[in-house]
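Chemist: Pasting a structure below so you can have a look.
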Amino acid sequence: MQSYDTIIIGARCAGSPTGMLLARKGHRVLIVDRATFPSDVVSTHVVHPLGAASLARWGLLDRLIATGCPPMHTYAFDFGPFTLAGAPGTTESPVGYCPRRTILDKLLVDAAIEAGAEVREGFTVEEVVFDDGQVVGVRGHSKGGKTVDERARIVIGADGRHSVVAEAVQAPRYYEKPPLLAAYYSYWSGLPMDGRFETFVRPNRGGAAVETHGGLTIVIAGWPYAEFDTNKRDVESNYHKVLDLVPAFAARLQAAKRETQFFGAALPNFFRKPFGPGWALVGDAGYNKDPITAQGITDAFRDAERLTMALDETFTGARPFEAAMAGYQRARDEHVLPMYQFTCQLATLAPPPLEMQQLFGAIHGNQTAMDGFVRMNAGTISPAQFLSPENVRRIMEGAQIAG
Ligand SMILES: Cc1cc2nc3c(=O)[nH]c(=O)nc-3n(C[C@H](O)[C@H](O)[C@H](O)COP(=O)(O)OP(=O)(O)OC[C@H]3O[C@@H](n4cnc5c(N)ncnc54)[C@H](O)[C@@H]3O)c2cc1C
């Protein structure tokens, strides 16, 4: 007996939108999460313009804006000798946002419920249930409740990088890379950003500042993972040593007040095959990468749409599960692979090779090229497009003419 078309484990950026979109198409959806909402996670929370575009398509962007989330109209990359600053978005979706996860995730859960999904908060999945090699449901319990089984045609792991679904089905991993960067952040008051998302790049060091809800700004600092063990003994002074490399920013920070402890993470990088008999993966469960390019939420939104399309085709009989889901995997991988490679390279914090430094120099002062550079970092355009030989040649020739 299948009570649901799908059970989704995880109700945050990947799970709730997937549940909402499937429920809007009339499918029977149960979403479970051991967390209750609103609640926080260790994550900064930049949503790039294409992520905001997803929210707009779903009719949720106005709700986010109504919470007082400040827009980011400019991304600025300070390399020391110069800064590349530009507009991150498109004409239709010009700005990004940095909503607190307490606000964003709750908004997504509410939208899923509104669409007709059943949501069980405080429900922990203990194990995935199999029948003859096929995933058929989950076994779990509500807080203080007894263990129950629930059945569905497809169980979706939207349960983050330590996915219980991926673990149970032994989802194959590929393009794996170890953690490359150790990053720490905290929230500061008295540090207005005026719509700018600022990133600082120095040899083997990186930092960023971005404004979120409630007049708070997240300030991030990071170093190569090789220094993780040594530096974790004194996060605060190592954090400030990074930001002191940018004296103008350090002065602004001195006038501000740190409002929280430090939160830190060092993430492994991998893809997982996102489907098999009776199961699927979406969000970090299927594709996890270093947060340096802040793509996770935007990727989760896009993949929620793609997975919904594939499962809708399956549930309506338009396409067999294997074919629809192979299309989902292919589309995901083709879309994100250039950004994955770019992200992993950036996360080493190694000084860019000479050719790249020359390119950065040529981009500086050319507003079209700076917008392109910023859009590449935001994921609005692919690194494959921005760093294509024709585009690089155009930028270098433009610099020669200008010089
Ligand atoms: C330090 C750091 C900074 C980041 N900064 C950014 C950024 O600025 N922008 C950006 O886009 N991304 C950022 N990311 C990445 C982003 O946080 C993730 O990509 C995003 O949260 C993925 O969403 P998700 O829904 O796939 O998984 P998650 O947000 O991890 O949600 C998984 C959910 O599954 C639930 N769950 C797990 N197991 C079970 C179980 N057994 N039973 C019931 N429930 C379960 C959990 O309770 C959780 O609520 C950052 C990550 C880190 C660590």
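Chemist: Give me the pairs: first residue in segment 387-399 and within 15 Å of MET376 (Cα to Cα), second residue among the small types (Gly, Ala, Ser), beta-carbon distance under 7 Å, and six or more apart or on different chains, which are they?
Modeler: From segment 387-399, the pairs are ILE395/ALA362; ILE395/ALA369.
Chemist: Then there's this: For segment 12-41, what are the residues that are closer than 30 Å to TYR184 by Cβ and near the ligand (Cβ under 6 Å from one of its atoms)? Give the derivation first.
Modeler: Applying the first criterion (closer than 30 Å to TYR184 by Cβ) to segment 12-41 yields 12-17, 33-41.
ARG12, CYS13, ALA14, GLY15, ASP33, ARG34, ALA35, VAL41 - these are the residues of segment 12-41 that are closer than 30 Å to TYR184 by Cβ and near the ligand (Cβ under 6 Å from one of its atoms).
Chemist: Here's a follow-up. Are any residues in segment 248-269 in a strand (DSSP E or B) and surrounded by fewer than 18 Cβ atoms within 10 Å (Cβ to Cβ), and if so, which ones?
Modeler: Step one: filter segment 248-269 for residues in a strand (DSSP E or B), giving 257-258, 263-265, 269.
Matches in segment 248-269: LYS257, ARG258, ALA265.
Chemist: Would you confirm, using the coordinates I've provided, whether PRO99 is surrounded by 21 or more Cβ atoms within 10 Å (Cβ to Cβ), modelled with pLDDT of 95 or more and either within 9 Å of the ligand (Cβ to nearest atom) or more than 18 Å from ASP159 (Cα to Cα) (or both)? It would help to see each step written out before you state the result.
Modeler: Numbers: surrounded by 21 or more Cβ atoms within 10 Å (Cβ to Cβ): yes; modelled with pLDDT of 95 or more: yes; either within 9 Å of the ligand (Cβ to nearest atom) or more than 18 Å from ASP159 (Cα to Cα) (or both): yes.
Yes, satisfied.
Chemist: Mind listing whichever residues of segment 51-60 are more than 16 Å from PRO70 (Cα to Cα) and either within 12 Å of the ligand (Cβ to nearest atom) or touching a Gly at 6+ places or on another chain (Cβ under 7 Å) (or both)?
Modeler: SER54
Chemist: Next up: Would you mention how many residues in segment 168-179 are within 15 Å of the ligand (Cβ to nearest atom) and touching a strand residue (DSSP E or B) at 6+ places or on another chain (Cβ under 7 Å)? Can you show your working first?
Modeler: As a first pass, look at segment 168-179 and keep what is within 15 Å of the ligand (Cβ to nearest atom): 168-169, 171, 179.
Keeping just the survivors that are touching a strand residue (DSSP E or B) at 6+ places or on another chain (Cβ under 7 Å) gives 168-169, 171.
Total meeting the criteria: 3.
Chemist: Taking the residues in segment 189-227 that are within 16 Å of the ligand (Cβ to nearest atom) and over 21 Å from THR83 (Cβ atoms) as candidates, determine which candidate is nearest to the chain's Cα centre (by Cα). Spell out the reasoning first.
Modeler: Initially, segment 189-227 is screened for residues within 16 Å of the ligand (Cβ to nearest atom), giving 193, 196-200, 206-213, 216-225.
Going one step further and asking which of them are over 21 Å from THR83 (Cβ atoms), we end up with 212-213, 216, 223-225.
Numbers: THR212: 16, HIS213: 18, LEU216: 20, TRP223: 20, PRO224: 20, TYR225: 20 Å.
Checking each candidate, the answer is THR212.
Chemist: Mind checking which residues of segment 282-301 are more than 7 Å from the ligand (Cβ to nearest atom), among the aliphatic types (A, V, I, L, M) and within 9 Å of the chain's Cα centre (by Cα)?
Modeler: Of everything in segment 282-301, nothing turns out to be more than 7 Å from the ligand (Cβ to nearest atom), among the aliphatic types (A, V, I, L, M) and within 9 Å of the chain's Cα centre (by Cα).
Chemist: Another question about this same structure. Sort out which residues of segment 6-31 are surrounded by fewer than 24 Cβ atoms within 10 Å (Cβ to Cβ) and either of a type in the set (Lys, Arg) or over 21 Å from ARG302 (Cα atoms) (or both), and write them in order of number.
Modeler: ARG24, LYS25, ARG28
Chemist: Output the number of residues of segment 130-167 satisfying the condition of being under 29 Å from the mean Cα position of the chain (by Cα) and within 13 Å of the ligand (Cβ to nearest atom).
Modeler: Result for segment 130-167: 19.
Chemist: Of the conditions (1) of a type outside the set (A, V, I, L, M, F, W, C); (2) part of a loop (DSSP other than H, G, I, E, B); (3) more than 16 Å from the ligand (Cβ to nearest atom), ARG63 fails just one. Which one is it?
Modeler: Just one mismatch for ARG63, condition (2).
Chemist: Out of (1) at pLDDT below 95; (2) surrounded by 19 or more Cβ atoms within 10 Å (Cβ to Cβ), what's the single condition that is false for ALA111?
Modeler: The single condition ALA111 does not satisfy is (1).
Chemist: Now, a different point. Only one residue in LEU307, LEU346 is within 16 Å of the ligand (Cβ to nearest atom), farther than 19 Å from PRO274 by Cα and of a type in the set (A, V, I, L, M). Which one?
Modeler: Working: LEU307 fails: farther than 19 Å from PRO274 by Cα.
Exactly one residue qualifies, and that residue is LEU346.
The values are calculated or read from the model by the stated rules, or taken from the named source; none is laboratory data. Computed from a predicted structure; not experimentally measured. Note: ideal-geometry Cβ built from the backbone for every residue, glycine included; neighbour counts use all protein chains shown.
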